[in-house]
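Asks: Got a structure for you, written out below as structure tokens; questions coming shortly.
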Amino acid sequence: MSRLVLTDVSRRFGTVTAVDRFSLTLQPGEFVSLLGPSGCGKTTTLRMIAGFLEPSEGTIDMDGRRISAPGSTLPPEKRNMSMIFQSYAIWPNMTVAENVAFGLEVRRVPKDELRIKVQRILDVVQMGHLGGRYPQELSGGQQQRVALARALAIRPRVLLLDEPLSALDAKVRVQLRDEIRRVQLEVGTTTLFVTHDQEEALAIADRVGVMNKGRLEQLASPTVVYSRPATPFVAEFVGLTNRLPGAVRDGAVDVRGVRLPLVQPDAKDGPAIALVRPETVSLAADPHADLGPLVGTVVAISFLGALSRVTVDLGDVTVVAQLTTSDASALPMGTRVRVVLRPDAVLIARDEAAAVTA
């Protein structure tokens, strides 16, 4: 388990800044997810940590040792890190056991010890019974387990994961993401997991860092990132958010006749867009409701299993409520409803940027 520290790291490609003054500290054994849209700098950051790219500015330290700085970068093979890519990158001409053993053989581990280590790590990823098979005889999820076992076999100080589940179907993704977390906790390796899938990031990480245009907009626990987003971008990228026009006054925002507290109560008075989560919206059928700011008509229902999202047209704006499917089934399209906004603290969208402390 190692401590990894990135300090004001930037990376430019010509006139394009891919990563902009990025700072992050991973504590020993911690699992951190970097979340953000394509092109936000996640993979570039990962490649700088691995040693495949040199930072244009800033430094990267591992356990107090400088491993990257402009003009001075420790080669990847001397960092004792493992990186798993989107593609499985396992050798088709080797068996599962041979793939996992490769890194240990390069390190000249004695054969008897090697066999024990290979079997042990294959058992950890629940592939111990498939050591003699070739990659083409495995499913995609099984191949990714082999890639994980190979990465962990050398006992890396840091494990880097670059969207390793993106090629898998939805059910296998859920199973394998939970497996990655279980294995990481069992082995204890400091881990940085890059994804654009918010559910993945929130489900398994100790902390989540949300990136946008090369910058880290927020770094916090999954609960805080979701319930107390630091910026409008975080609020809208992490989870579905209603955008309701309102007006800030005296530390709260008035939205369609309802006064809601603010995440940032020191916001200046004036027009603003309140970012309201669907789960804080409830609906009540009222076929005789008069026109009003929070009276509307159900125009769409999205079935999500145990939950459903119900879209209500209020005339000048639509609002989405997330309800249990049993409650949503009582509100078919065309139903006249009253909308109730729970008085949870909300973020407002303006041309303001929140500072991030990593």
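The values are calculated or read from the model by the stated rules, or taken from the named source; none is laboratory data. Fair warning: this is a prediction, and the values are worked out from it, not measured in the lab. Cβ: placed from backbone, ideal geometry, glycine included. Neighbour counts: every protein chain shown.
Asks: Do we have Ala289 as in a loop (DSSP other than H, G, I, E, B), of a type in the set (A, V, I, L, M) and over 21 Å from Asp254 (Cα atoms) here? Don't jump to the end; show me each part of the working.
Replies: On the way: in a loop (DSSP other than H, G, I, E, B): yes; of a type in the set (A, V, I, L, M): yes; over 21 Å from Asp254 (Cα atoms): yes.
Taking the combined requirement at face value, the residue satisfies it.
Asks: Is it the case, given these coordinates, that Ile301 is of a type in the set (A, V, I, L, M, F, W, C), touching a residue at least 24 places away in the same chain (Cβ under 8 Å) and touching a Gly at 6+ places or on another chain (Cβ under 8 Å)? Full working, then the answer.
Replies: On the way: of a type in the set (A, V, I, L, M, F, W, C): yes; touching a residue at least 24 places away in the same chain (Cβ under 8 Å): yes; touching a Gly at 6+ places or on another chain (Cβ under 8 Å): no.
For Ile301, the condition - of a type in the set (A, V, I, L, M, F, W, C), touching a residue at least 24 places away in the same chain (Cβ under 8 Å) and touching a Gly at 6+ places or on another chain (Cβ under 8 Å) - is not met.
Asks: Does Leu160 satisfy being buried (at least 20 other Cβ atoms within 10 Å of the Cβ) and either part of a loop (DSSP other than H, G, I, E, B) or not aliphatic (A, V, I, L, M) (or both)? Before the answer, list the steps.
Replies: Values: buried (at least 20 other Cβ atoms within 10 Å of the Cβ): yes; either part of a loop (DSSP other than H, G, I, E, B) or not aliphatic (A, V, I, L, M) (or both): no.
Judged against the criteria, Leu160 is not a match.
Asks: Mind checking whether some residue in the stretch 105-120 is over 27 Å from Pro28 (Cα atoms) and among the aliphatic types (A, V, I, L, M)?
Replies: Checked the stretch 105-120: no residue is over 27 Å from Pro28 (Cα atoms) and among the aliphatic types (A, V, I, L, M).
Asks: Thr191 versus (1) assigned to a strand (DSSP E or B); (2) more than 24 Å from the chain's Cα centre (by Cα): which is the lone unmet condition?
Replies: (2)
Asks: Write out, first by first residue and then by second, each pair whose Cβ atoms fall under 8 Å of each other, whose residues are 6+ apart or on separate chains, and whose first residue, in the stretch 210-239, is within 18 Å of Arg350 (Cβ to Cβ) and part of a loop (DSSP other than H, G, I, E, B) while the second is among the aliphatic types (A, V, I, L, M) and at pLDDT 95 or above.
Replies: So the pair list comes out as Arg228/Ala220; Ala230/Ala220.
Asks: Output the residue which, of all residues in the stretch 132-152 that are of a type in the set (Lys, Arg) and in a helix (DSSP H, G or I), is nearest to the chain's Cα centre (by Cα). Lay out the reasoning, then the answer.
Replies: So in the stretch 132-152, the residues of a type in the set (Lys, Arg) come out as 133, 145, 150.
Add one more test, that the residue is in a helix (DSSP H, G or I), and what stays is 145, 150.
Numbers: Arg145: 20, Arg150: 24 Å.
The residue in question is Arg145.
Asks: Go through the stretch 209-237 and give me each residue that's crowded, with 21+ Cβ neighbours inside 10 Å and either within 11 Å of Gly36 (Cα to Cα) or polar (S, T, N, Q) (or both). Don't jump to the end; show me each part of the working.
Replies: Here is the first cut: in the stretch 209-237, the ones crowded, with 21+ Cβ neighbours inside 10 Å are 209-211, 214, 216-219, 225, 229-230, 232-235, 237.
Within the stretch 209-237, Gly209, Val210, Met211, Gly214, Leu216, Glu217, Gln218, Phe233, Val234, Phe237 meet the criteria.
Asks: Condition (residue is of a type in the set (A, V, I, L, M, F, W, C), surrounded by fewer than 16 Cβ atoms within 10 Å (Cβ to Cβ), in the same structural domain as Leu160 (by TED's automatic domain parsing) and touching a residue at least 24 places away in the same chain (Cβ under 8 Å)) applied to the stretch 40-54: is it met by at least one residue? Steps first, please.
Replies: Looking only at the stretch 40-54, we keep the residues that are of a type in the set (A, V, I, L, M, F, W, C), and these are 40, 46, 48-50, 52-53.
Going one step further and asking which of them are surrounded by fewer than 16 Cβ atoms within 10 Å (Cβ to Cβ), we end up with 52.
Then keep just the ones that are in the same structural domain as Leu160 (by TED's automatic domain parsing); that gives 52.
Cutting the leftovers down to touching a residue at least 24 places away in the same chain (Cβ under 8 Å) gives us 52.
Among the residues of the stretch 40-54, at least one is of a type in the set (A, V, I, L, M, F, W, C), surrounded by fewer than 16 Cβ atoms within 10 Å (Cβ to Cβ), in the same structural domain as Leu160 (by TED's automatic domain parsing) and touching a residue at least 24 places away in the same chain (Cβ under 8 Å), which makes the answer yes.
Asks: If a residue has to be surrounded by fewer than 20 Cβ atoms within 10 Å (Cβ to Cβ) and either assigned to a strand (DSSP E or B) or modelled with pLDDT of 95 or more (or both) to count, how many in the stretch 242-251 make the cut?
Replies: Filtering the stretch 242-251 down to residues surrounded by fewer than 20 Cβ atoms within 10 Å (Cβ to Cβ) leaves 243, 245, 247, 249-251.
Next, from what is left, pick out any that are either assigned to a strand (DSSP E or B) or modelled with pLDDT of 95 or more (or both): 243, 245, 247, 249.
Residues that pass the stated criteria total 4.
Asks: Taking the criterion of being buried (at least 19 other Cβ atoms within 10 Å of the Cβ), modelled with pLDDT of 90 or more and assigned to a strand (DSSP E or B), would at least one residue in the stretch 12-19 satisfy it? Can you show your working first?
Replies: Filtering the stretch 12-19 for residues buried (at least 19 other Cβ atoms within 10 Å of the Cβ) gives 18-19.
In the following step, the residues that additionally are modelled with pLDDT of 90 or more were identified as 18-19.
So of that shortlist, the ones also assigned to a strand (DSSP E or B) come out as 18-19.
Yes: the stretch 12-19 contains one or more residues that are buried (at least 19 other Cβ atoms within 10 Å of the Cβ), modelled with pLDDT of 90 or more and assigned to a strand (DSSP E or B).
Asks: If you don't mind, there's one more thing I want to ask. Please go through the stretch 282-297 and give me each residue that is closer than 18 Å to Arg243 by Cβ and surrounded by fewer than 17 Cβ atoms within 10 Å (Cβ to Cβ), ordered by number. Break it down into steps so the answer makes sense when it comes.
Replies: Here is the first cut: in the stretch 282-297, the residues closer than 18 Å to Arg243 by Cβ are 293-294, 296.
Across the stretch 282-297, the qualifying residue is only Pro293.
Asks: Within the stretch 63-109, track down each residue that is among the β-branched types (Val, Ile, Thr), buried (at least 18 other Cβ atoms within 10 Å of the Cβ) and at pLDDT 90 or above. Outline the logic, then answer.
Replies: Here is the first cut: in the stretch 63-109, the ones among the β-branched types (Val, Ile, Thr) are 67, 73, 84, 90, 95-96, 100, 106, 109.
Restricting the remaining residues to those that are buried (at least 18 other Cβ atoms within 10 Å of the Cβ) gives 67, 73, 84, 90, 96, 100, 109.
Correct list: Ile67, Val96, Val100.
Asks: Tell me, which residue of the stretch 320-341 that is in contact (Cβ under 8 Å) with a residue 40 or more places away in the chain and within 28 Å of the chain's Cα centre (by Cα) is nearest to Leu262 (Cα to Cα)?
Replies: The qualifying residue nearest to Leu262 (Cα to Cα) is Leu341.
Asks: Continuing with this model, one more query. Residues in the stretch 298-327 that are loosely packed, with under 15 Cβ neighbours inside 10 Å, among the hydrophobic types (A, V, I, L, M, F, W, C) and more than 17 Å from Arg277 (Cα to Cα): how many?
Replies: The total comes to 4.
Asks: Only one of these conditions is not met by Leu331: (1) surrounded by fewer than 19 Cβ atoms within 10 Å (Cβ to Cβ); (2) over 28 Å from Ala230 (Cα atoms). Which number is it?
Replies: Condition not satisfied by Leu331: (1).
Asks: Any residue that is under 28 Å from Gly270 (Cβ atoms), modelled with pLDDT under 90, more than 13 Å from the chain's Cα centre (by Cα) and not aliphatic (A, V, I, L, M) - is there at least one of those in the stretch 217-227?
Replies: Of the stretch 217-227, the ones under 28 Å from Gly270 (Cβ atoms) are 217-218, 220, 224-227.
Now narrow it down to the ones that are modelled with pLDDT under 90: 227.
If we keep only those that are more than 13 Å from the chain's Cα centre (by Cα) too, we end up with 227.
Pick out the ones that are also not aliphatic (A, V, I, L, M) and you get 227.
For the stretch 217-227, residues under 28 Å from Gly270 (Cβ atoms), modelled with pLDDT under 90, more than 13 Å from the chain's Cα centre (by Cα) and not aliphatic (A, V, I, L, M): present.
Asks: Ok, one more. Yes or no: the stretch 131-143 includes at least one residue that is surrounded by 17 or more Cβ atoms within 10 Å (Cβ to Cβ), closer than 30 Å to Arg65 by Cα and either out of contact with any Gly (no Cβ under 7 Å at 6 or more places or on another chain) or assigned by TED's automatic domain parsing to the domain that holds Ile180 (or both).
Replies: Initial filter on the stretch 131-143 (surrounded by 17 or more Cβ atoms within 10 Å (Cβ to Cβ)): 131, 135, 138, 141-143.
Among the residues that remain, those that are also closer than 30 Å to Arg65 by Cα are: none.
No, the stretch 131-143 contains no residue that is surrounded by 17 or more Cβ atoms within 10 Å (Cβ to Cβ), closer than 30 Å to Arg65 by Cα and either out of contact with any Gly (no Cβ under 7 Å at 6 or more places or on another chain) or assigned by TED's automatic domain parsing to the domain that holds Ile180 (or both).
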